[in-house]
Structure formats: structure tokens, C-alpha cells
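Structure first, commentary second.
The values are calculated or read from the model by the stated rules, or taken from the named source; none is laboratory data. Small disclaimer: the values here were computed from a predicted structure and weren't measured. Cβ placement follows ideal geometry from the backbone for every residue including glycine, while neighbour counts extend to all protein chains displayed. Calculation scope for accessible area: heavy atoms of the full protein, side chains included, ligands and nucleic acids excluded. Shrake-Rupley method; radii C 1.70, N 1.55, O 1.52, S 1.80 Å.
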Amino acid sequence: MLVVMAHGATKKEIDGVCEAIKAMGYTPLPMPGAQRTTVGLVGNDRRVDGSLVAELPGVAQIIHVSNQYKQVSREWRPDPTIVTIAPGVTFGGEDVPVIAGPCSVESEAQILESARAVRAAGGVALRGGAFKPRSSPYSFQGLGRKGLELLALAKRETGLAIVTEAMDDEGAHLCAEVADCLQIGARNMQNYSLLKTVGRIKKPVLLKRGMAATIEDLLLSAEYVLSEGNPNVILCERGLRSFDTTSRNLFDLTAIPVVKGLSHLPIVADPSHGTGRRDKVTPMARAAVAAGADGIIVEMHPHPERALSDGAQSLTPDQFSELMRQLRRVAEAVDRSIAGSPVGVA
Ligand code: PEP
Ligand code: MN
């Protein structure tokens, strides 16, 4: 339930509503807005009788949120949420930031070369997994803590923000020491204990859609993070399992406008995992920006043929630079702009 206060409602009136909500056994969440304050009611698992609150002074309207997810819904918050992961790196506004880097952190030379290429082409954040969720236990599992140290080094060298995946509670705390944004991967989208942990850590979260998850599942997972007091969630479409084997996944572009209708949270697109093929990444990244994506996350490796994971879908630095050039033009056509500029270009 959402209590919309009248324009100019006083602090005393807002406090009165909060007290009434507490007296009913729920938690009030006051949200001051540009026009007026709303007070959310959380902690209920069914419809609440709002008649007592509706009669309090200063209350304009009671809205019952129709979906199971509440705090992530557009009904709860009509204005877009802007998530800032590092100074100047924001998702959900006019800017469209590009996060790029290898699937996995493999060595100092590899991650530094990657970071420099990302920065040179105008990317604003470096991706790279230190803890890797691999289908086979015999595949490269990531460098772990050493990988995090190398990401910290790349950040010191280039100033790029860091996005890296946490796979469990312990890893989430370790990653949070280095990362500007914690990635929750597709395989962990419904790991509710991990979602609660990153909700409590309060670092921005990049939450990837599970490979067989509905949009409602995705939004409910985001709700877990918000319900722990962390509003900084960026959603990510990364493709779904499908019967068609011509691409690794079925990249669900429709999810971008659908999510924007249902939620105020920003959504970014991952055309690398979405397609699984290097030559398909650029066209689908262009399409995602045209469809309204609030950012792009893309895999790029200085030597994709030697990559320890996801080489087939990793762009070369030159291809990445060309992608950035194309994305700037597409963004302009939809009244957005790609965040950052290539180094050396004003
Ligand atoms: C990744 O980003 O490298 C990754 C493992 O992604 P996903 O969780 O989308 O498969
Ligand atoms: Mn990958």
C-alpha cells in the first residue's frame, strides 16, 4: 500500500501516517518527492485495510500496489531511479554507460590491456569475473582473491569503475571491497540468501535475468534487494534458453520496454551472453540502445582466441572501439548519449 500525501503536507502529518502504519504492525517507508511525499507500507503479505490511514490529516490518496513486487514497481515510484556506481557513472538517466572487459580476469597483463582498451574507446566501467560460475567444474573457475587484486590494480591504473560477479555470501563481501557494482549472475538470480546479502551490503547491484526466468521473477528478485534497504539495482537482460541452437541464447529485446513499463529501475543489455557469437554482438548492442537500454555490458578480450572463458563472444579491442562509435550514433537518434568519450578526444 502506498499513502500519497497532499501537496504541502506537514512533517507532523507525515509522522502521523508513519505512526499509524507502525501501530498496524507494518513498516513505513517515507519517500519525499519533488511534488509531494509518499509513504510506502512494507511488511504485509496481503492487502491491508487502508481506511484508517485514509482519514488522517494530510493524506490525499491510498494506492494499493497490484503486483507481488512493490518497491521496484512503477506504481510505487513513477520517476526513474538513477543508480550511480561511481562518480559520473550513472544508469537510468539520459546517459548510456558502457561496461566492457573480459569474461574472466586471467592475468595482470590481460586485465590491464583490457582496461586500457575499454578506457581508450570511451567505456566507463570494467567488467571481469574473479569468481566464475562455470557449467563444468573442470572449466576455469576464476582467479578468486587474486583476480580481485588485479581488478583493483586496473582501477588504480585507469580510473574505470569495476563490475564483478559475486557467487556466494563470502564472495559478496570480498568483491564489495573492490567493486563499484556487484554482479549477480543469471544462475544466481534466484539465490534469495545471496540477494538479501547484497541488499544489506548496499553497494549497487547488477542483477542479471536468469536464463529461464520470467520478467516477473526478475522483478521479484530485485524486490529482495530493495526490501533489505538497497535501492541501487540495475537490471540486465542477457538472453534466455531456447530451442534454437543458432545462437547461444535468445536475446529478449522486448524485455527492455516491458521492464521500463513495469519498473522504475534501470535496465542494461548484455548482447555478448545474449547471442554468444562475436559477429552478432554489435548489431544487438545497437538494437538494445535503440530499444531504450540504460546501458550496455559487453565482453571484450585483447586476444579472444586465447580467452579462458567466453572467447567466441568476446570482441577484439578494435571491434569494441568500432562498436562505441556506432552506439554514439544510435544513442543520438533516440535522444540519449553514450557516457564518456574516447581518451584523447574532447
Ligand atoms: C558473465 O557475465 O560472464 C556471466 C557468467 O554472465 P551470466 O550470468 O549472464 O551467464
Ligand atoms: Mn561470460
Using only DSSP helix segments of four residues or longer, with each worth -39500 (n - 2.57), what per-residue ellipticity at 222 nm results for the chain after dividing by its residue count and rounding to 500?
-10500 deg cm²/dmol
DSSP loop (so not H, G, I, E, B), at most 16 other Cβ within 10 Å: list which trypsin sites (Lys or Arg not before Pro) in region 251-346 pass both filters.
277
Percentage relative contact order, the chain, counting C-alpha pairs under 8 Å, at least six apart:
17
Sorted by average packing, counted as other Cβ atoms within 10 angstrom per residue and highest first, what order do 75-81, 118-124 take?
118-124, 75-81
How long are the three semi-axes of the equivalent ellipsoid for the chain, computed from the Cα gyration tensor as the root of 5 times each eigenvalue, in whole Å, largest first?
38, 20, 19
FRET efficiency for residue 152 and residue 306, using Cβ-Cβ distance with R0 set to 22 Å, rounded to 0.05
0.40
Be a star and scan region 283-307 for residues whose amide nitrogen sits under 13 Å from the point 7 Å along the Cα-to-Cβ vector of residue 333.
283-292
Counting alpha carbon pairs within less than 8 Å and at least 6 residues apart, what relative contact order, in whole percent, applies to region 113-266?
15
For region 65-163, state the average projected area of the convex hull of the C-alpha atoms over all orientations, rounded to one decimal in nm².
8.7
Using 11 Å as the cut-off for backbone N distance, which residues of region 37-67 belong to the label zone defined by a point 7 Å from the Cα of residue 75 along Cα→Cβ?
47-48, 63-67
Gain on full stretching of the segment that runs from residue 228 to residue 287 - 0.36 nm per residue minus C-alpha separation:
17.8 nm
By DSSP, what percent of the beta bridges with both residues in the chain are antiparallel, rounded to the nearest 5?
40
R0 = 51 Å: FRET efficiency of residue 243 with residue 22, Cβ-based, nearest 0.05?
0.50
Could you order peptides 186-198, 46-58 by the average number of other Cβ atoms within 10 Å of their residues, highest first?
186-198, 46-58
In percent, what relative contact order does region 2-63 have, based on Cα pairs under 8 Å that are 6 or more apart in sequence?
49
Percent accessible area from carbon and sulfur atoms, region 88-207, protein chains only, probe 1.4 Å
47
Can you tell me which lysines have their Cα less than 25 Å from the Cα of residue 202? Leave out same-chain residues fewer than eight positions away.
22, 70, 132, 146, 155, 260
Roughly how many Å² is the accessible area per residue of the chain, as a whole number, for a 1.4 Å probe?
43
